[in-house]
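Presented below is the structure to which this report refers.
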Ligand code: URA
């Protein structure tokens, strides 16, 4: 096989075989193919797309490049959930203890945030002492003992994806739905759960900006899941405005706790309930409405909150350590009207610049900073109304946060 022939084949829009994909991507992992050659191929994939079969084969190559976690020692159905990424997305922190309280095992490997999107591992690490790097044995033991576990993604799962994702990030080849589908589904399948729920974010603060791409991505993710014998549901949900009120690591954990304590009359809580109900419905093979009744019950009777505390303690976290910075900047409106939108992208970028996120992969983050929104979309605004509060520490700047609030 010849790498240039393979690049040329994709450049003219032909379909690559499993063997060709394996040759390129495994070769890249093993340093036998150069990054500039893989970059050229990735760009050709971005432009010309891939057939469903090709995307499934690419996923297979990614999965086979590493280990597949074997969860069969845990009895019953294991579920996993993944969000394609957004701003203020702390749903996993709420959903995982709810699902486990309903008697469904939730085994999840999560990532860190990059750029304006946050990551569950960073949010959990805002709890002092919380251990996110678990060995395989620790992962399985915790799942067995308390019914849920969240750990950072190990290097052994789909290692090609890690290397290719870093290359996509610097070659303008992130936003291609076959590449996104193969990247996400390979990690989810290798993580071992039987059933997978994908929260596919659509909107200005998401990777996917239009409905037609979202639907294509949804369809192929379901096909990939099915072809590996994993029941897969995909929910397309909005990421135009940030999710919930708080953006920033400690702030988001605090908001998740409020939902678990029973504050469920918010759009954010409704999304958590819907996602959790889908997982319980898949895990137990029951209807969505029966699942939702169970979900609401475990919130109302405090089981879910107690499960969260058990989970934090099991992973050595001190829940009383959560803190946000004492230094605040209040942003008030200079206009009156209706709040038509809150631009998730701008809010995410400002939060990152304040120190809550990272520009480069290994940047440190500050768990104590972030943004707390005081108004919701559709609210009436008068002059001097508090729009949001910035929690600042080393970087004391409001940046362009006002531009995020569309008041008409
Ligand atoms: N998240 C991933 O893990 N991979 C992608 O390609 C996009 C989002």
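Every read-out reported here was derived from the displayed coordinates using simple, explicitly stated rules and does not represent laboratory data. Remember, predicted model here, so these are calculated numbers, not experimental data. So basically every Cβ, Gly included, is an ideal-geometry build from the backbone, and we count neighbours across all protein chains shown.
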Counting only the backbone N, which residues of the stretch 99-128 are under 16 Å from the spot 7 Å out from the Cα of residue 319 toward its beta-carbon?
99-102, 124-128
On full extension of the chain, what length is gained from residue 169 through residue 399, given 0.36 nm per residue of separation minus the C-alpha to C-alpha distance?
80.3 nm
Which parts of the stretch 12-54 would a label at residue 209 reach, counting a residue when its backbone N lies under 19 Å from a point 7 Å out along Cα-to-Cβ?
43, 46-49
Express the relative contact order of the stretch 27-111 as a whole percentage, based on alpha carbon pairs under 8 Å and six or more residues apart in sequence.
23
Bins of 20 Å from zero: percent of alpha-carbon pairs in the chain
27, 57, 16, 0
The exposure ranking of 287, 35, 351, fewest beta-carbon neighbours within 10 Å first, is 287, 35, 351
Spin-label pair residue 378/residue 31, simplified geometry with 7 Å Cα→Cβ offset, distance in nm
5.7
Share, in percent, of DSSP beta bridges within the chain that are antiparallel, nearest 5
45
So if each residue of separation counts as 0.36 nm, and I subtract the Cα-Cα distance between residue 363 and residue 145, what length gain in nm does that give?
75.1 nm
If you rank 46, 102 by fewest surrounding Cβ atoms within 10 Å, what's the result?
46, 102
Separation between the residue 265 and residue 340 pseudo-spin-labels, each 7 Å from Cα along Cα→Cβ, expressed in nm?
3.0
The helix 249-260 Cα axis meets the longest alpha-carbon principal axis of the chain at an angle in degrees, between 0 and 90 and rounded to 10, of 80
When all Cα-Cα pair distances of the stretch 1-43 are considered, the percent exceeding 14 Å is 38
Normalised contact order of the chain, rounded percent, pairs of Cα under 8 Å and 6 or more residues apart:
20
Quick check: the distance between the Cα centres of the stretch 182-214 and the stretch 280-351, to the nearest angstrom?
20
Listing 175, 142 by rising number of other beta-carbon atoms within 10 angstrom, fewest first, gives 175, 142
Evaluate the Debye formula for the stretch 78-319 with equal point scatterers sitting on the alpha carbons, no solvent, and hand back log10 of I(q)/I(0) at q = 0.07, 0.10, 0.17 Å⁻¹, in q order, two decimals.
-0.20, -0.42, -1.39
Placing one identical point scatterer on every Cα of the stretch 324-407 and ignoring solvent, what is log10 I(q)/I(0) from the Debye formula at q = 0.23, 0.24, 0.26 Å⁻¹?
-1.05, -1.12, -1.24
